[in-house]
Amino acid sequence: MRVAVLRGGRSSEHDVSLRSGASVAEGLRQAGHEVVDVVIGRDGRWRAGGREVELRAAGGLLGCDAAFPVLHGPFGEDGTVQGLLECLDIAYAGPGVLAAAITIDKLTFKRLLAFHGVPQVEFCAAGEDGWRELAAAMPRPLWVKPSRLGSSVGISKVASPEAELDEAVALASRHDPRVIIEANAAGREVECSVIGDSEPETSLPGEIVAHADWYDYEAKYSEGGMDLLVPAPIGDEAVARVRELAARIYRIAGCTGLARCDFFVRDGGEVLVNELNTIPGFTATSVFAKLFEASGLAYPDLCDRLVRLGVERYERDRALSW
């Protein structure tokens with residue numbers, strides 16, 4: 001197939017997206033596809049081969065059979081680009097509009113999980129009624145985050161005093177007016193990759209061992225910043241529980257294509273959901289791909305599978321009488 005790989009974007013995760021997209025493009029080439037490299041600048045303009053891309057409703061995209069958005073954060077992983085691709089009438093890999101919009105917002109996603117009774121870390125929204133009292137009752141340290149950003153951008157660890165909390169909320173608010181405050185989970189950080197649509201397939205879970213005080217931007221993207229242990233050394237029962245929960249929250253959010261689900265596993269085996277990323281870091285050495293590689297699915301085959309899932313979903317949707 002001829003596949004447009006979308007990378008870059010307007011968010012603060014632009015540079016990470018450029019690297020992820022370049023890796024996906026190479027994986028698709030190795031799988032036998034023709035790739036059209038579409039770079040979205042910080043200014044939001046789409047360019048391919050040095051020229052600005054003309055976008056017309058129902059006009060497709062550069063004569064491609066499918067698109068593969070590899071865009072992290074707002075303006076790419078939040079349903080906006082997915083909605084545009086729907087308007088262009090082209091098949092695309094990854095989440096649909098609704099799943100992307102729900103999962104990009106940690107507050108909305110966690111409230112959905114709470115409705116379904118899914119075990120997760122305590123949280124509250126900065127500014128909601130009684131938020132200071134709720135935060136004061138949570139186990140320290142607290143984690144203050146922009147609700148709609150990833151890659152650990154804008155996150156603060158707050159031990160005490162309350163003045164630190166106000167500073168952390170102010171920092172997160174520079175990135176996003178919606179700010180989430182989470183309790184400390186005090187457990188192992190374990191991640192599980194998922195692919196598929198109505199019948200999701202889960203990878204072997206892996207444990208993140210960060211060579212830093214916490215799993216921040218530098219630990220994620222610097223050479224030697226972390227180690228990934230696959231399978232996670234948490235016992236067979238906890239491994240099964242992680243995989244079960246990963247598939248469950250994937251379905252709850254209405255995900256399609258792919259996701260990486262992040263958990264905390266406490267001593268004793270209790271598993272708590274942390275978050276879900278519908279377009280996770282996607283280089284050949286990123287956690288998402290490495291977990292599936294350890295599960296027997298090579299990187300080019302993974303990229304190929306995701307494009308084909310997107311085309312299958314497109315064909316199913318177009319067969320419906322809306």
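The values are calculated or read from the model by the stated rules, or taken from the named source; none is laboratory data. Keep in mind that this is a model prediction, so the values were computed, not measured. Using ideal geometry, Cβ is built from the backbone for each residue, glycine included, and neighbour counts are taken over all protein chains shown. Each accessible area value is taken on the protein alone, full model and side chains, heavy atoms only, with ligands, DNA and RNA left out. Shrake-Rupley method; radii C 1.70, N 1.55, O 1.52, S 1.80 Å.
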Just for segment 159-206: of the residues that are among the hydroxyl-bearing types (Ser, Thr, Tyr) and under 30 Å from Ala294 (Cβ atoms), which one is most open to solvent (accessible area, probe 1.4 Å)? Ser198
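Conditions (1) over 29 Å from Ala58 (Cβ atoms); (2) of a type in the set (Lys, Arg), marked per residue:
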{"site": "Gly225", "(1), (2)": "yes, no"}
{"site": "Arg241", "(1), (2)": "yes, yes"}
{"site": "Glu244", "(1), (2)": "yes, no"}
{"site": "Gly254", "(1), (2)": "no, no"}
{"site": "Leu258", "(1), (2)": "no, no"}
{"site": "Leu276", "(1), (2)": "yes, no"}
{"site": "Gly281", "(1), (2)": "yes, no"}
{"site": "Pro300", "(1), (2)": "yes, no"}
{"site": "Arg308", "(1), (2)": "no, yes"}
Starting from residues that are open to solvent by 40 Å² or more (accessible area, probe 1.4 Å) and assigned to a loop (DSSP other than H, G, I, E, B), keep the ones in segment 273-291 and report whichever is farthest from Leu302 (Cα to Cα). Thr285
For the structure I just gave you, tell me whether Phe115 is in contact with an Asp or Glu (Cβ under 6 Å, 6 or more places away or on another chain), modelled with pLDDT of 95 or more and either over 30 Å from Ala57 (Cβ atoms) or surrounded by fewer than 22 Cβ atoms within 10 Å (Cβ to Cβ) (or both). no
Counting just the residues of segment 251-272 that are under 25 Å from Asp301 (Cβ atoms) and part of a strand (DSSP E or B), which one comes out most open to solvent (accessible area, probe 1.4 Å)? Arg260
Checking Val209 against (1) assigned to a loop (DSSP other than H, G, I, E, B); (2) modelled with pLDDT under 95; (3) open to solvent by 10 Å² or more (accessible area, probe 1.4 Å), only one condition comes out false. Which one? (1)
Residue list for segment 35-75, filter: open to solvent by 80 Å² or more (accessible area, probe 1.4 Å) and touching a residue at least 24 places away in the same chain (Cβ under 8 Å): Arg42, Asp43, Arg56, Ala57, Asp65, Phe75
If you scan segment 143-167, which residues turn out to be of a type in the set (Gly, Ala, Ser), touching a strand residue (DSSP E or B) at 6+ places or on another chain (Cβ under 9 Å) and farther than 26 Å from Ser17 by Cα? Ala159
I'd like the full set of residues that are more than 13 Å from Ile252 (Cα to Cα) and in a helix (DSSP H, G or I), limited to segment 104-130. Ile104, Lys106, Leu107
Mind checking which residues of segment 6-61 are touching a helix residue (DSSP H, G or I) at 6+ places or on another chain (Cβ under 9 Å), closer than 23 Å to Arg148 by Cα and hydrophobic (A, V, I, L, M, F, W, C)? Leu6, Val16, Val39, Ile40
Taking into account only those residues within segment 69-103 that are within 15 Å of Cys255 (Cβ to Cβ) and among the hydrophobic types (A, V, I, L, M, F, W, C), which is nearest to the chain's Cα centre (by Cα)? Ala100
So which residues in segment 173-187 are in a strand (DSSP E or B) and touching a residue at least 60 places away in the same chain (Cβ under 8 Å)? Ile180, Glu182
Hey, Asp89 at pLDDT 95 or above and not basic (Lys, Arg) or not: yes
